[in-house]
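Let me begin by presenting the structure, written as structure tokens, before commenting on it.
The values are calculated or read from the model by the stated rules, or taken from the named source; none is laboratory data. Note that the coordinates shown come from a computational prediction; the quantities given were computed from them, not determined experimentally. Cβ atoms come from the backbone with ideal geometry, glycine included; neighbour counts cover every protein chain shown.
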Amino acid sequence: MEMNQYLSMFIDESREHLQAMNDNMLKLEASPDDISIVQSIFRSAHTLKGMAATMGFEDIASLTHELENVLDLVRNGKLQMNAHMFDTVFKSIDALETMVEDIIAGGSGQADVSAIVAALGAIISGESGAPGAQTGGKQDASSAGELDEFQFSVLEQSLEAGHRVYRIVVSLEQSCVLKAARAYMVFNELEQNGEIVHSSPSVEDIEKEKFDQSFIVYYVTQLERELLEQRIAGISEIESVAAESLDADALKRRVNRPQSSPAPAASDKAPAASGTPRSAAAETAAARAPAAGTAVATRTIRVDIDRLDVLMNLFSELLIDRVRLEQLAGEIRRSDLTETVEHMARVSSDLQNIVLKLRMVPVETVFNRFPRMVRDLAKSLDKKVDLVITGAETELDRTVIDEIGDPLVHLLRNAVDHGIETVPERLAAGKPETGTVHLRAFHSGNHVFIEIEEDGRGINRDKVLATAQKKGIVTAEQAQGMKDEEVYQLLFASGFSTADKISDVSGRGVGLDVVKSKIESLGGRVDIVSKLGTGTRFSVQLPLTLSIIAAMLVKMGNEKYAIPLSSIVETAAVPREQIRRVHGNRMIDFRGGIIPLVSLAKLFDVPSYSDEDEAETEVVIVRKGDRMAAIAVDDFIGQQEIVLKPLGAYLTGLQLFAISGATILGDGQVALIIDTNALIK
């Protein structure tokens, strides 16, 4: 079979399963006795093993097989998780991620995993202290908990009625191609002389070949064990058959008894000879039904990102034509044309929402790898750190999502290493021994903000200035007049580091300069707020590039500008006598407060236009957080949906900081889009 066509699917699903294993391991570390979490990790490992074996990646398959054996002992109560086991499992997951990344890079996915496999094998063996090692150990452990209360009750009553109960392990030959067909022949043979009460894996999984070379059946019959084994072994491509006769005590050792779980009322019924397929199917459906409150998988289809780019560009052109049609319909004033254009506007508005959502991805796809990273880093630095994530559902353009991961890694590592103190230092400062790092994401205007804030030692301004002078980044004269914000920005200088010694984490003077250059290349910016002894906050502002936004179009002389509606509080006309001057700056009264009045004409050097001589000035009130400003404009054109397009290198100098992009209007004119966040700041 040609497997290359399934490679992309294997890679995507492997990443999802490895991420799920990482997330669940962190949860298990906080709640080591929660068996439901172990079950989730086991399912992910089992699925990954099956996919890897099918694709021919033997190293991945062998490592997940050993990992599966360890998890099987834990979920059946034969092993208790400890620090050594957590570290070994985490190392196994890291090795699996490395092999998958090698496959993505075009490699074979092979790696030397013998050391990790040996460590997992040591856990499985008697060294792990697993009970039951003297009585068959591994087989007993793997068979414990295979039956639920209902199945146990059915088998127990079958024994009381004089029937024989067997646990049958059927192994197929490695060369067997149609595994499901062979399993069906085994089931068909068994059903002629008895009843299958339970199979592992389930009947549905066996039908879909979601099992390795063997499966287990719990069977009620009157046949002798030798005859039963002969009949199954007579089927072609069966490598081995092992039928174990069970009594009541042996059944009890194999039942999974949840805490405070009463036996079902239906258990007083004995099995009917013809009920096998229906009861097994019902059992499988019940086992696969999602529990209340769990997420149900949605139907999805993977689409190449380049196709979404083309779709977005095509829709951008359609939107420009729609605006032009609306203008023409307004001029011609024909009712049938107006109705048609209005209908097209409604349809295109719905289409617009769908197109936008296709490109938007929750930042959760980036955030979900950070808890594990912070856990490992804190452990290596001998610190205690809690990572609190909020706003992971905030959506950002896919192109930005792909680029923002590495800068955030640098900032988080910086927060844990430089920001959070060691346990003795925190206790001496009167702080809790566990430091907290907050990772937040939220929308503001046509930007997304990502903040990393910790309650650590804060930034020592004097130390930063001394280091900057020593490295020749600033002179002593420049340092004297610098504000705190300007001092903190020195941390982003190339080669700057305040670490006292070089380590694997920091001290080499690379990291924050890379962060700043990457974020600025995305059209964003990063700011720092810090208080010595209290903590530091890094705030990353990112634009929603290549998106469609609602905006207010305004006029300045012969030029047109767009202000995003999400930033606008209200519009107003202010008489000249209500404009005050404070220290040479124009201010106006607004809702009981004084806010600055910014002239777009002066800001953008609009030729032959001044708003200072007008009897009444039109203003747009804009907000960023709790700060507001009034923007003086010539005239209001109206509200319109516009396509936000980046300007690239066309604008330079002072204007660039207050412009987030441009748009093409219905009449073909280009209007600049004002960045109100930067304007207020």
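Being crowded, with 18+ Cβ neighbours inside 10 Å, modelled with pLDDT of 80 or more and outside the structural domain of S316 (by TED's automatic domain parsing) is a property that holds for A601.
Every residue, every condition in (1) in contact (Cβ under 8 Å) with a residue 24 or more places away in the chain; (2) over 20 Å from S214 (Cβ atoms), yes or no:
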{"position": "Y6", "(1), (2)": "yes, yes"}
{"position": "L18", "(1), (2)": "yes, yes"}
{"position": "S31", "(1), (2)": "no, yes"}
{"position": "D34", "(1), (2)": "no, yes"}
{"position": "S40", "(1), (2)": "no, yes"}
{"position": "A61", "(1), (2)": "no, no"}
{"position": "R75", "(1), (2)": "yes, no"}
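Within segment 183-213, the set of residues being buried (at least 19 other Cβ atoms within 10 Å of the Cβ) and more than 39 Å from the chain's Cα centre (by Cα) comprises V186, F187, L190, G194, E195, I196, V197. Scanning segment 311-343 for residues being in contact with a helix residue (DSSP H, G or I) (Cβ under 8 Å, 6 or more places away or on another chain), farther than 24 Å from V670 by Cβ and of a type outside the set (S, T, N, Q) gives a total of 1. For segment 566-590, a residue qualifies if it is surrounded by 14 or more Cβ atoms within 10 Å (Cβ to Cβ) and in a helix (DSSP H, G or I), and the qualifying residues are S566, S567. For beta carbons closer than 7 Å, sequence separation of 6+ or different chains, a first residue in segment 351-364 that is in contact (Cβ under 8 Å) with a residue 40 or more places away in the chain and within 17 Å of L396 (Cβ to Cβ) and a second that is of a type in the set (S, T, Y) and surrounded by 15 or more Cβ atoms within 10 Å (Cβ to Cβ), the qualifying pairs are L356/S547; V363/T394. Within the set T276, T284, T221, the sole residue that is at pLDDT 85 or above and buried (at least 16 other Cβ atoms within 10 Å of the Cβ) turns out to be T221.
Out of all the residues in segment 145-183, which are part of a helix (DSSP H, G or I), closer than 17 Å to A250 by Cβ, touching a residue at least 60 places away in the same chain (Cβ under 8 Å) and not small (G, A, S)?
Within segment 145-183, E149, Q151, F152, V154, L155, E156, Q157, L159 meet the criteria.
For beta carbons closer than 6 Å, sequence separation of 6+ or different chains, a first residue in segment 389-408 that is over 18 Å from N353 (Cα atoms) and a second that is surrounded by fewer than 16 Cβ atoms within 10 Å (Cβ to Cβ), the qualifying pairs are G391/F442; A392/E364.
Exactly one residue among E364, E395, E403 is out of contact with any helix residue (DSSP H, G or I) (no Cβ under 9 Å at 6 or more places or on another chain), modelled with pLDDT under 90 and either closer than 23 Å to E425 by Cα or among the acidic types (D, E) (or both), and that residue is E364. Tell me, which residue of segment 416-449 that is closer than 30 Å to I401 by Cα and of a type in the set (A, V, I, L, M) is modelled with the lowest pLDDT? Once the filter is applied, the top-ranked residue is V448.
Restricting R369, R302, R359 to those that are surrounded by 14 or more Cβ atoms within 10 Å (Cβ to Cβ), of a type in the set (K, R), under 30 Å from I389 (Cα atoms) and at pLDDT below 80 reduces the list to R359.
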